[in-house]
Amino acid sequence: MGAGKILAIIAAIVGILSVVLYHVLPELFCYWRLDGGAAISLFVGGFGFSNGSFMGIPFGPEYADDIFLLLVGVLIIAGSVLLLIGALVENKALGIIGGLVFLGGPILHILALLLGLGMFEGLAATLPPGSTVLFGSQAGIDWGIWIGTYMAIGGGVLGVIGGATL
């Protein structure tokens, strides 16, 4: 078993885990997080699900009905599956395509944050001028991308490298 095959398999597993682990522990494995202490918290994960609490009352997981977040989850899972199949049959082209599709998920997520698309449009409108939804802090409220996004980016990059070296 070559190094490319091992990297591709590990990347595919990381991709699937980056979406699935949100449902196990959303506070840690979310893609985007808003933390306002006891007043408000919001954890956004793959496929457009959100969890959190408002004034101490928990909610979720709820589907956010956001096409961009749905596409993020679909791209990551589809890319992971293609990458895994490419690794198992040792097909370099399928591995590279899987890695690129996989990497498209977190890139779309970051673009949605930067451009204020989907559910982030309303959040962007409430921020002070000059602030971005990508990262920020204001008077006891912190927000920004979180561990799920970093897992997806790392897995995607590893997937492209693993797919290219099959």
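The values are calculated or read from the model by the stated rules, or taken from the named source; none is laboratory data. Treat the numbers as computed from the prediction; the structure is a model and nothing was measured. Please note: Cβ atoms are built from the backbone with ideal geometry, for glycine as well, and neighbour counts cover all protein chains shown.
Of all the residues in the range 136-152, those that are more than 18 Å from Pro26 (Cα to Cα) and free of Cβ contacts under 8 Å to residues at least 60 places away in the same chain number 4. Scanning the range 23-66 for residues that are out of contact with any strand residue (DSSP E or B) (no Cβ under 8 Å at 6 or more places or on another chain), of a type in the set (A, V, I, L, M) and closer than 30 Å to Leu7 by Cα turns up Val24, Leu25, Leu28.
Examine the range 5-15 for a residue that is among the aliphatic types (A, V, I, L, M), modelled with pLDDT under 90 and touching a Phe, Trp or Tyr at 6+ places or on another chain (Cβ under 8 Å), and state whether such a residue exists. For the range 5-15, residues among the aliphatic types (A, V, I, L, M), modelled with pLDDT under 90 and touching a Phe, Trp or Tyr at 6+ places or on another chain (Cβ under 8 Å): absent.
Mind checking which residues of the range 107-166 are of a type in the set (Gly, Ala, Ser) and closer than 18 Å to Asp35 by Cα?
Taking the range 107-166 as the starting set, the residues that turn out to be of a type in the set (Gly, Ala, Ser) are 112, 116, 118, 122, 124-125, 130-131, 136-137, 139-140, 144, 148, 152, 154-156, 159, 162-164.
Residues satisfying the conditions are Gly122, Ala124, Ala125, Ser131, Gly136, Ser137, Ala139, Gly140, Gly144, Gly148.
Residues in the range 54-71 that are surrounded by 16 or more Cβ atoms within 10 Å (Cβ to Cβ) and at pLDDT 85 or above: Phe68, Leu69, Leu70, Leu71. When Gly118 is tested against (1) in contact with an Asp or Glu (Cβ under 6 Å, 6 or more places away or on another chain); (2) in a loop (DSSP other than H, G, I, E, B); (3) surrounded by fewer than 16 Cβ atoms within 10 Å (Cβ to Cβ), only condition (3) is not met.
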